[in-house]
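The values are calculated or read from the model by the stated rules, or taken from the named source; none is laboratory data. Worth saying up front: this structure is predicted, and the values here are computed from it rather than measured. All Cβ positions, glycine included, derive from the backbone under ideal geometry; neighbour counts span all protein chains shown. Heads up: the accessible areas ignore ligands, DNA and RNA and are worked out on the full protein's heavy atoms, side chains in. Shrake-Rupley method; radii C 1.70, N 1.55, O 1.52, S 1.80 Å.
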Amino acid sequence: MRAWLPSLLRAVLLAILLAFLISPGWFEPLLKPLVQDNAPAIYNQGSLLTLTLLHLRTVAIATIAAIIVAVTLAILVTRSFGAEFLPLSRSLVNVGQTFPPVAVLALAVPALGFGEKPTLVALFLYGLLPIFENTLTGLTTLPPSVMEAARGAGMTDRQRLFKVELPLAMPVILAGIRLSVVISLATATIGSTVAAKTLGEVIIAGLQSNNIAFVLQGGLIVGALAVLIYDGLSAIEAVLARRAGL
Amino acid sequence: MIEIDGITKRYDGTAVVDNVTMTIEPRTVTVIVGTSGSGKTTLLRMINRLVEPSAGAIRLDGEDNRSMPGFELRRRIGYAIQGHGLFPHRTVAQNIATVPVLLDWDKARIDAKVAELLALFQLDPAIFAARFPHELSGGQQQRVGVARALAAEPKVLLMDEPFGALDPIIRAKAQADLLDIQKLLKTTIVLVTHDMDEAFHLADKIAVMDKGELVQYGTPAELVTNPATEFVQTLIGASERPFRLLSIETAGQAVEPGTADGKPVGAATSQRDVLSELLWTGRDALPVAAADGTLIGKVTLEGLARRAARPQ
């Protein structure tokens with residue numbers, strides 16, 4: 001395959017996605033055959049663009065919180081003073097991952113009410129593990145000679161962390177974040193079962209009114225977002241990895 | 001001057017370095033040799049406190065090395081290791097500037113130092129300053145590693161098997177370069193190796209470690225002519241003794257008046273290499289040329305044989 005072909009496909013996908021979000025009416029003829037007479041082919045209970053932005057916002061807030069907590073935790077348990085908390089923090093984060101997001105929603109609604117908050121909690125817990133595990137891997141598999149040289153050069157613990165360990169672990173950490181973001185993008189749709197404003201609304205509306213076109217457009221927007229964000233983060237990772245000589 | 005005074009390191013009750021006392025003279029090259037597990041690297045790492053001793057003290061120019069925090073001490077002592085340990089995410093220039101940046105030197109001074117060191121290590125700044133370590137050859141990476149260790153103008157340079165990862169040809173060149181740079185900068189070098197050829201080539205004094213103890217500390221010639229223990233003798237190799245003696249001194253030190261036919265050898269060539277050249281070319285003598293190319297005399301097979309014999 002030619003080198004420019006994947007980039008071209010991504011650009012086309014992005015263009016189609018933007019066109020669909022800004023002017024969904026253009027695509028009505030394509031979706032019309034999927035619906036019964038008189039039923040709308042394009043989601044008509046709100047703006048798709050607004051829902052997409054809210055969806056992205058929910059994912060972004062949950063992911064940023066997960067990054068802060070998971071990376072901080074991974075840094076603490078890889079310091080000499082925190083090493084004994086490593087097994088404990090591993091199990092905690094694993095519990096977050098094994099707990100089904102739907103169950104988190106069900107438990108969080110009584111405490112936090114309907115809307116975005118329970119969704120954020122579910123996405124946050126679900127997103128912790130990949131970031132934590134990857135940060136841990138990145139920080140514990142650094143080349144020993146480089147770490148020795150950093151100490152030998154007279155770097156303090158803090159300088160070693162920020163000037164050597166984190167920059168070198170960055171590609172692996174980013175891979176964890178990428179995984180977490182993609183999982184969250186898909187999982188966020190179930191937030192609409194507790195009235196969070198996400199693209200799940202479109203899918204749920206489609207399911208309730210037996211409107212395949214709604215289900216399809218909700219699912220495809222989420223899918224396109226996931227592919228584009230995944231590729232974008234992969235590209236950043238590749239640049240960082242090349243710069244790090246890895 | 002580095003005074004190592006009764007230094008001991010125990011791990012779980014076992015002494016890895018056991019009550020070692022030695023004084024390293026300034027502006028000399030001291031090589032610590034020993035088998036693996038002899039404690040030679042631990043001894044080296046206690047000088048810059050990458051390992052904290054269990055007992056004893058180390059003084060640098062009379063000052064106890066525990067009189068300041070470890071990281072400050074390490075900024076004042078150069079440290080080069082096997083496999084260079086360059087920071088893969090930083091350019092050659094940034095790598096070399098590591099310690100000066102930690103010491104908050106101003107930018108102009110750092111830039112000048114980096115350029116000076118690159119030139120000293122025969123790396124064109126225009127080509128190499130902006131490269132990343134993985135874009136360099138093994139020999140170049142090693143040179144950058146040593147340049148980084150020397151960037152803050154330390155009086156003492158510690159080297160832990162610095163040439164261990166190099167192939168033999170590049171290693172010989174790196175060793176020769178190190179000696180030149182040591183003469184130029186007058187740095188006190190303490191180098192750990194298990195390669196006896198390397199030790200004899202580089203050392204003003206050799207310290208032999210065995211099972212955590214310092215068994216002999218003396219000039220290379222003393223080790224050959226008067227080994228303190230069986231272990232030292234084995235390490236040197238009985239059959240190697242005459243050649244070890246010859247490898248210590250240069251052709252310039254064995255010059256006799258007169259002339260000889262053949263291609264002149266440089267005055268800085270080791271006598272061992274001259275002997276090899278004599279045997280290979282089947283000659284009795286070869287002319288010796290000073291660094292500027294003028295002939296200063298000859299070296300004879302007979303003269304070298306006399307020098308290789310056991311001192312009476």
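Mark the label point 7 Å from the Cα of A:Leu220 along Cα→Cβ and return the residues of the range A:6-34 whose backbone N is within less than 14 Å of it. Inside the label zone: A:13-34.
Name the residue, out of B:Val265, B:Val99, B:Val31, whose mean-square fluctuation peaks in a Gaussian network model built on chain B with Cα pairs under 10 Å. Of B:Val265, B:Val99, B:Val31, the most mobile in the Gaussian network model is B:Val265.
What number comes out for accessible area per residue over chain B if the probe is 1.4 Å? Units Å², please. Walk me through the numbers before you get to the answer.
Working: 14240 Å² over 312 residues.
Per residue, chain B has an accessible area of 46 Å².
If R0 equals 45 Å, the separation of the Cβ atoms of B:Thr35 and B:Ala130 corresponds to a calculated FRET efficiency of about 0.60.
For the range A:48-243, report the accessible area per residue in Å² (1.4 Å probe, heavy atoms, rounded to an integer).
About 44 Å² of surface per residue is accessible.
Highest mean first, the peptides B:143-152, A:109-118, B:157-166 sorted by other C-beta atoms within 10 Å per residue fall in the order B:143-152, B:157-166, A:109-118. Buried on complex formation within the range B:90-109 (loss of at least 40 square angstrom of accessible surface versus the isolated chain, 1.4 Å probe, ligands and nucleic acids ignored): B:Arg90, B:Leu102. Surface burial for B against A, with a 1.4 Å probe and both sides summed, reaches about 1900 Å² of accessible area. For chain B, the alpha-carbon radius of gyration amounts to 1.08 times the rule-of-thumb value 2.2 N^0.38 Å expected for a compact globular protein. Once the Cβ-Cβ distance of A:Arg158 and B:Glu25 is raised to the sixth power relative to R0 = 56 Å, the FRET efficiency obtained is 0.90.
Model label sites at B:Ser276 and A:Val102, defined 7 Å from Cα along the beta-carbon direction, differ in position by 7.7 nm. Have a look at B:His134, B:His194, B:His84 and tell me which one the Gaussian network model of chain B (Cα, springs below 10 Å) gives the largest fluctuation. Maximum among the listed residues: B:His134. Place a label point 7 angstrom from the Cα of B:Ala291 along the Cα-to-Cβ direction, then list the residues of the range B:103-139 whose backbone nitrogen is under 19 Å away. Zone members listed by number: B:117, B:119-123. Looking at A:Leu17, B:Pro88, B:Leu158, which one has the Cα that reaches farthest to the positive end of the dipole of the protein assembly as shown (charges on Cβ: Lys, Arg +1; Asp, Glu -1)? Positive-most Cα among the choices belongs to A:Leu17.
Relative to the Cα centre, the charge distribution of chain B, modelled as +1 at Lys and Arg Cβ and -1 at Asp and Glu Cβ, gives a dipole magnitude of about 340 debye.
Taking the empirical scaling 2.2 N^0.38 Å for compact globular proteins as reference, chain A has a Cα radius of gyration ratio of 1.20.
Taking the Cα centre of the range A:1-116 as origin and charging only Cβ (+1 Lys, Arg; -1 Asp, Glu), how large is the dipole, in debye to the nearest 20?
Roughly 360 debye for the range A:1-116.
GNM on chain B, alpha-carbon springs under 10 angstrom: the most fluctuating residue among B:Asp124, B:Asp177, B:Asp210 is B:Asp124. Note on the range B:182-212 and the range A:71-150: Cα centroid distance 49 Å, given to the nearest whole angstrom.
For the segment B:51-58, counting C-beta atoms of other chains within 10 Å of every residue's C-beta and taking the mean gives 0. The amide H of B:Val16, built 1.01 Å from its N in the peptide plane, has B:Lys9, B:Arg10, B:Tyr11 as neighbours under 5 Å, considering only residues 5 or more places off or on other chains.
Longest stretch of chain A clear of exposed loop sites (trypsin sites (Lys or Arg not before Pro), DSSP loop, at most 14 other Cβ atoms within 10 Å, sites excluded): A:80-246.
The H on the amide N of B:Ile296, modeled in the peptide plane, is under 5 Å from the matching H of B:Val288, B:Ala289, B:Ala290, each at least 5 residues off or on a different chain.
Legend: mean number of C-beta atoms from other chains within 10 angstrom of residue C-beta atoms, peptide B:76-89, equals 6. For the protein assembly as shown, the residue among A:Ala65, B:Val144, A:Ala175 whose Cα projects farthest onto the positive side of the dipole built from Cβ charges is A:Ala65. Checked against a 24 Å cut-off, the cross-linked pairs B:Lys155/B:Lys205; B:Lys155/B:Lys211; B:Lys186/B:Lys263; B:Lys113/B:Lys183 give Cα-Cα distances beyond that limit for B:Lys155/B:Lys211; B:Lys186/B:Lys263. Computed about its Cα centre, the charge dipole of the protein assembly as shown is approximately 1020 debye, with only Lys, Arg, Asp and Glu carrying charge at their Cβ. Length gained on full extension, A:Arg57 to A:Gln36: 4.2 nm, using 0.36 nm per residue less the C-alpha separation.
With helices as the sole contributors, the protein assembly as shown gives -16500 deg cm²/dmol at 222 nm; each DSSP H run of n ≥ 4 counts as -39500 (n - 2.57), and the sum is divided by every residue.
For the range A:62-69, backbone phi angles converted through the Karplus equation (6.51, -1.76, 1.60; θ = phi - 60°) give residue-by-residue couplings of 5, 5, 4, 4, 5, 4, 4, 5 Hz, Gly and Pro being listed as x.
Among the residues of A:153-165, the average count of other protein chain beta-carbon atoms within 10 Å of the residue beta-carbon is 5.
Backbone phi angles across the range A:139-144, fed through the Karplus curve with coefficients 6.51, -1.76 and 1.60 (θ = phi - 60°), yield HN-Hα couplings of 7, 9, 10, 6, x, x Hz in residue order; Gly and Pro are listed as x.
Taking all protein chains as they are arranged and a probe of 1.4 Å, the heavy atoms of A:Thr156 leave approximately 40 Å² accessible to solvent. Translational diffusion of the protein assembly as shown was estimated from the Stokes-Einstein equation, with Rh taken as the Kirkwood radius over Cα pairs; at 4 °C and 1.567 mPa s the coefficient is 45 µm²/s. Amide H to amide H distances under 5 Å link B:Gly83 with B:Gly164, B:Ala165, where only residues 5 or more positions off or on other chains count and H is placed in the peptide plane.
Please report the carbon-and-sulfur percent of the accessible area for the protein assembly as shown; probe 1.4 Å, protein heavy atoms only, DNA, RNA and ligands left out. The partial results should precede the final answer.
Numbers: 16080 of 26630 Å².
Using a 1.4 Å probe with all protein chains present, the protein assembly as shown comes out at 60 percent carbon and sulfur.
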